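Notes for the one structure printed next.
Please treat every number below as a calculation from the coordinates, not as lab data. Keep in mind that this is a model prediction, so the values were computed, not measured. Backbone-built Cβ (ideal geometry, glycine too); neighbour counts: all protein chains shown.
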């Protein structure tokens, strides 16, 4: 009699691998990054971060309990204008495996998220006690939401040359960028809401780029957040912003 034996063979286990992508957002105090992992028998997934290359699990560690192969991390409470090093790690069959390393430097300027828009804010006032612009001249900078277009219109007006708020922002080159502008009324109100995080905001009036008449424009009181029309030759402070 002939006997046949069927032997069940287990499938080959997938090796453990991981890749750390480049950060998709770096602010003055945080970083957002994606880690991709694959393999069987992974019991722990996370990131390690430090100010010295090749950080380990003995440094600051962020653990994620997700079982997903793509994991999004956001690390907060970082120092401004500081270089950090990141590595992903997994614990596979009891062993710790590290990913590639990524270095990045946090911004020296405050970076804020406004919905899908990332706004960079100058670290100090670009001008204090400065007029908005010349009186008796309507340049069409009437948008309450688009400070960039307002600033471009003001800067293009030949009668508005000189030491005026919008020109200060149009000519500013902070952080090696040349696309700074004077915030619109709505954008300046957003800065008011985040004034403590931004820092160095004086308790007084700041110009927005929003024009309301040939002789007036909107300014925001940084104590109360109140928006009001003011004569263009009134003296107020100015803080420039840009969109990343």
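Numbers below:
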quantity: Estimated distance in nm for a label pair at residue 136 and residue 96, the labels positioned 7 Å out from Cα along Cα-to-Cβ; calculated: 7.4 nm
quantity: Neighbour-count ranking [beta-carbon atoms within 10 angstrom, fewest first] of 113, 13; calculated: 13, 113
quantity: Gain on full stretching of the segment that runs from residue 226 to residue 105 - 0.36 nm per residue minus C-alpha separation; calculated: 40.0 nm
quantity: Normalised contact order of the range 17-105, rounded percent, pairs of Cα under 8 Å and 6 or more residues apart; calculated: 36 percent
quantity: Rounded tilt (10° steps) of 147-156 against the dominant C-alpha axis of the chain; calculated: 40 degrees
quantity: Debye intensity ratio in log₁₀ form over the Cα atoms of the chain, taken at each q of 0.07, 0.12, 0.17 Å⁻¹; calculated: -0.37, -0.74, -1.08
quantity: Taking the C-alpha atoms of the range 66-118, convex hull volume expressed per residue in Å³; calculated: 130 Å³
quantity: Residue 129-residue 25 FRET efficiency (beta carbon distance; Förster radius 51 Å; 0.05 resolution); calculated: 0.90
quantity: Cα gyration tensor of the range 91-145 - equivalent ellipsoid semi-axes, whole Å, descending; calculated: 48, 15, 8
quantity: Distribution of pairwise C-alpha distances over the range 30-122, 10 Å bins, in %; calculated: 15, 45, 28, 10, 1
quantity: Helical mean residue ellipticity (222 nm; -39500 (n - 2.57) per DSSP H run of 4+; nearest 500) of the chain; calculated: -3000 deg cm²/dmol
quantity: Calculated FRET efficiency for the pair residue 81/residue 38, C-beta based, R₀ 22 Å, to 0.05; calculated: 0.05
quantity: Distance-filtered residues of the range 17-56 - backbone nitrogen under 12 Å, label point 7 angstrom along residue 72 Cα→Cβ; calculated: 24-25, 32-35
quantity: 10 Å-binned pair-distance histogram of the range 110-243 (Cα, whole percent); calculated: 14, 51, 31, 4
quantity: Pairwise FRET efficiency - residue 116 versus residue 61, Cβ, R0 = 30 Å, nearest 0.05; calculated: 0.50
quantity: Antiparallel content of DSSP bridges confined to the range 110-243, in %, to 5; calculated: 95 percent
